Every structure is written in structure tokens, then in C-alpha cells.
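Below is one structure; the comments refer to it alone.
What follows draws every value from the coordinates through simple rules; no lab data is involved. Just so you know, these numbers come straight off a predicted model, no measurement behind them. A quick note on method: Cβ atoms are made from the backbone with ideal geometry, for glycine too, and the neighbour counts reach across all protein chains shown.
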Amino acid sequence: MKSKKAPYFFIAPALILLFFFSILPIFIALIISFTDMSLAGLADYSRINFMGVENYTNILSDPSFRQSILNTIYYVIIGVPLVVALSMGIAILINMGKGKFFSFMRLIFYSPSITNIVAIAIVWSFLFNPSDSIGLFNRLLHTIGLGPIAWLQDPRIAKLSLIILAVWRGIGINMLIFSAALTNIPKTMYEAAELDGATQLQQIRYITIPQLKFSTFFVIVTTLIGWLQFFEEPFVMTEGGPLNSTLSVSLFIYRNGFQLNNFGYAAAGSLILFVVIIIATLFQMKIQRKEEENTI
């Protein structure tokens with residue numbers, strides 16, 4: 001009996017942490033979303049009123065929330081493919097090389113992922129400065145007779161500017177995942193392909209990429225979830241502006257909950273985002289199962 005219970009004791013701490021810090025907050029947020037809770041309600045529970053589904057109907061008709069949804073979709077459609085493709089490409093190129101230089105390049109690409117976002121934001125604010133005498137990007141454009149570009153001031157360009165920053169930050173961790181997966185591909189497959197006269201591009205297309213399908217699925221799901229919760233870049237760099245052009249759903253939730261003191265309204269938004277993330281993840285898993293069935 002003791003041997004059968006031993007595994008449960010090992011996983012118990014993780015399950016307890018998961019319950020108290022993930023599952024329980026979701027149910028609390030669900031309850032709060034049906035109320036008008038604010039800071040006053042936290043001090044005196046008698047001030048909390050039941051709102052029913054009013055928060056949900058109001059938030060779905062809120063122009064700012066709709067704009068944040070469109071912005072988040074824009075981030076996901078452009079950002080996720082870029083991160084996945086660049087991470088895989090860089091991992092493959094680094095894996096093809098040997099020596100300390102390529103190990104150093106792996107460190108260079110990974111370092112942005114572990115760098116503080118505030119420090120990054122300060123540096124990139126100078127890079128995005130609209131003046132060609134201060135901003136490096138506009139300075140480079142000026143040398144070839146282009147620009148200047150209002151990177152963070154133009155509503156049409158601000159989202160792309162944040163995507164550039166977020167892609168730069170997001171490549172590193174996914175590159176390491178692909179690099180780990182590349183080491184598990186048998187070298188005999190490449191040797192057999194070379195004997196058959198396959199070029200390096202053909203080896204990458206018909207051996208490397210198919211062998212990375214499981215790590216690619218993992219990277220796509222985690223990257224998709226991360227970009228659906230896109231928050232740090234617009235919060236630090238633009239605060240959702242100009243004209244809400246960079247406002248994401250997560251920033252909308254933060255603004256209403258912690259700046260406008262409307263916890264019930266923000267909780268409704270967080271539950272909607274939670275449902276969208278679950279649906280997107282299930283959709284990706286369904287696609288993965290179909291691909292596995294087709295390969296079998």
C-alpha cells in the first residue's frame with residue numbers, strides 16, 4: 001500500500017500549488033465577474049452587488065474591448081508565425097555550425113528572453129525615437145534617404161513596432177527548444193540522405209522539419225498563448241496608445257481592474273480571454289491529432 005501511495009506524495013506539492021495559484025483564482029474570477037466589486041467592496045463586502053451577466057454584455061459592446069480584440073488578433077497573426085519560423089531557422093543554422101562562435105551566438109539570441117523588460121523598453125525607446133538625430137532606426141533610414149518614421153506615435157505603425165520588439169525577445173527561448181529537439185535527430189538519417197545525393201536544403205525540408213513536428217507543436221501552442229496575453233510591450237512602451245491602437249486584451253483587463261478600480265468588469269474580460277485561449281489550444285491539439293493520424 002505504501003508503494004502505491006508514494007507517487008501521490010511526490011506530485012502533491014505541485015498539485016497543491018496548481019490548485020491554489022491557478023485553479024482557485026479562476027473560480028474566484030468567475031464569481032467576481034458577476035459582481036460590481038471594487039476597492040470599496042474589498043473593504044466592505046456589503047457594498048458588492050450581484051450584476052448577473054451585465055458585465056459580459058457591457059464588455060462585449062465596449063468599443064475599447066473590441067479594439068483590443070482586433071489588436072490582439074493582429075499581434076497573433078503576425079507575431080506567432082514570425083517567432084516560430086525565426087526560432088526554428090536560427091536553431092537549424094546554429095546547429096549546423098560547430099565551435100565556440102556558434103555557442104556564443106546561441107547565448108546572444110537567448111539573452112533578450114531573460115533581460116528585464118523595463119531595461120529593454122528604455123533602450124528600444126531610443127531606437128524608436130522619431131528624431132533621426134537620436135533614434136538609431138531613423139538614423140539608418142536617413143542614410144539611405146528614407147524616413148523618418150513615427151514608430152510609436154503613428155497608430156498604423158505602432159503595432160508593428162511592438163511586434164518587432166516582441167519577436168526579438170521571443171526568439172531565444174523557442175530557439176533553445178528547437179536546438180534540444182535537433183540533437184535528438186539520428187545522424188544516420190542525414191548520412192543516408194547524403195549517400196542518396198540530397199542537398200542540405202533537401203535534408204532540412206524532408207528530414208529536419210518533419211522530425212521537429214512535436215517540438216513545433218509545443219512552440220506554436222505556447223507562443224500562441226503568450227501572444228494572446230500580450231501585455232508587457234504595450235504596457236511599458238505605449239500604454240495602449242496612440243488612440244488605443246496598441247491596446248491588447250490583457251492591457252485592457254489591467255487598465256479596468258487596477259487603474260479604473262472595476263474588478264468585476266475586468267474579471268469578465270479575463271474570463272473571455274481564458275475561454276479564447278482554451279479554444280485556441282484545443283484547436284491546435286485537434287490539428288496535431290489529425291496530422292498524426294495521417295502520418296500513421
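Out of all the residues in segment 76-84, is one or more surrounded by 12 or more Cβ atoms within 10 Å (Cβ to Cβ), free of Cβ contacts under 8 Å to residues at least 12 places away in the same chain and more than 19 Å from the chain's Cα centre (by Cα)?
Scanning segment 76-84 turns up no residue that is surrounded by 12 or more Cβ atoms within 10 Å (Cβ to Cβ), free of Cβ contacts under 8 Å to residues at least 12 places away in the same chain and more than 19 Å from the chain's Cα centre (by Cα).
Sort through 144, 157, 149 and tell me the only one that's of a type in the set (A, V, I, L, M, F, W, C), surrounded by 14 or more Cβ atoms within 10 Å (Cβ to Cβ) and more than 24 Å from residue 226 (Cβ to Cβ).
The conditions single out 149.
Name every residue in segment 35-64 that is of a type in the set (Phe, Trp, Tyr) and over 27 Å from the mean Cα position of the chain (by Cα), in order of residue number.
Residues satisfying the conditions are 45, 50.
Show me the helices (runs of 4 or more DSSP H) entirely contained within segment 96-178 in which 1 or more residues are touching a residue at least 60 places away in the same chain (Cβ under 8 Å).
100-110, 117-127
Tell me yes or no: at least one residue of segment 204-223 is more than 21 Å from residue 31 (Cα to Cα), among the hydrophobic types (A, V, I, L, M, F, W, C), touching a Pro at 6+ places or on another chain (Cβ under 7 Å) and outside any helix (DSSP H, G or I).
No, segment 204-223 contains no residue that is more than 21 Å from residue 31 (Cα to Cα), among the hydrophobic types (A, V, I, L, M, F, W, C), touching a Pro at 6+ places or on another chain (Cβ under 7 Å) and outside any helix (DSSP H, G or I).
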